[in-house]
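Chemist: Here's a structure for you.
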Amino acid sequence: AREWWLDLAPRAGVAWTPDGGGRHTLRAAAGIFYHRIPSDIALDALRYSGRGVVDLVVDQPTFFPSVPPAFDATAVLPTIRSTGSLRAPRTAAATTSYEWQITNTLFGSIIFTKQHGDRLLRSRNVNGTSPVTVERPNLDLGPILQFESTGRSDTEQLRVTLRRVFTRFSLFGTYVFG
């Protein structure tokens, strides 16, 4: 049984101005975020399951005397399925930043972000060619795309920004490492 009620998404953040005047600000935040599973995955798994599709072939119909080459009769639709244990993709993120007012019109910031994603959606062709035999396991079928909640992702990012405020507009530049 899937324990969906355990998919809590707590988030917290704090900001501190050590000088009390707002010229320097330290911030930290962290949280867990869940993403929706697109409905087309479930619908495509039903639509292209390989069981609910019926191919009707009419040999040389009288209303269609010559078959254009664009209609290739050997094209095979992929079979799409999902594992029974698809779960909402989850991302845990934490950010720390230091922002300061350098002059009355010049501001700077340094932001570090770390993210870890698990249970991410991915698809695998389980009827793909084997590196050993160079053949598909089931030659009668085309690709069999299986969606799973087995993907992972880890990222770290450092962002440096300078912003200059003018009378009618602001000009800024940002560089991202990672």
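The values are calculated or read from the model by the stated rules, or taken from the named source; none is laboratory data. Just so it is clear, the structure is predicted and the values come from calculations on it, not from any experiment. Quick reminder, even Gly has a Cβ in these numbers, built from the backbone with ideal geometry, and neighbours come from all protein chains shown. Side chains included, ligands, DNA and RNA excluded: accessible areas come from the protein's heavy atoms. Shrake-Rupley method; radii C 1.70, N 1.55, O 1.52, S 1.80 Å.
Chemist: Of (1) within 28 Å of the chain's Cα centre (by Cα); (2) modelled with pLDDT of 90 or more, residue 130 satisfies all except one. Which?
Modeler: Checking residue 130 against (1) within 28 Å of the chain's Cα centre (by Cα); (2) modelled with pLDDT of 90 or more, the one that fails is (2).
Chemist: Do you know which residues across segment 157-178 are touching a residue at least 24 places away in the same chain (Cβ under 8 Å) and loosely packed, with under 11 Cβ neighbours inside 10 Å?
Modeler: 166
Chemist: Continuing with the same structure: From the list 80, 37, 41, exactly one residue is under 34 Å from the mean Cα position of the chain (by Cα), more than 23 Å from residue 153 (Cα to Cα) and either open to solvent by less than 80 Å² (accessible area, probe 1.4 Å) or modelled with pLDDT of 75 or more (or both). Which is it?
Modeler: 80
Chemist: Let me ask you something else. Taking residue 142 and the conditions (1) within 30 Å of residue 88 (Cα to Cα); (2) assigned to a strand (DSSP E or B), which numbered condition does it fall short on, given that it satisfies the others?
Modeler: (2)
Chemist: Just to check your reading of the model, which residue among 90, 152 is over 30 Å from residue 167 (Cβ atoms), open to solvent by 70 Å² or more (accessible area, probe 1.4 Å) and touching a strand residue (DSSP E or B) at 6+ places or on another chain (Cβ under 8 Å)?
Modeler: Of 90, 152, the one residue that is over 30 Å from residue 167 (Cβ atoms), open to solvent by 70 Å² or more (accessible area, probe 1.4 Å) and touching a strand residue (DSSP E or B) at 6+ places or on another chain (Cβ under 8 Å) is 152.
Chemist: Okay, moving on. Is it true that residue 119 is open to solvent by less than 60 Å² (accessible area, probe 1.4 Å) and over 19 Å from residue 28 (Cα atoms)?
Modeler: Yes; evaluated as a whole, the condition is true for this residue.
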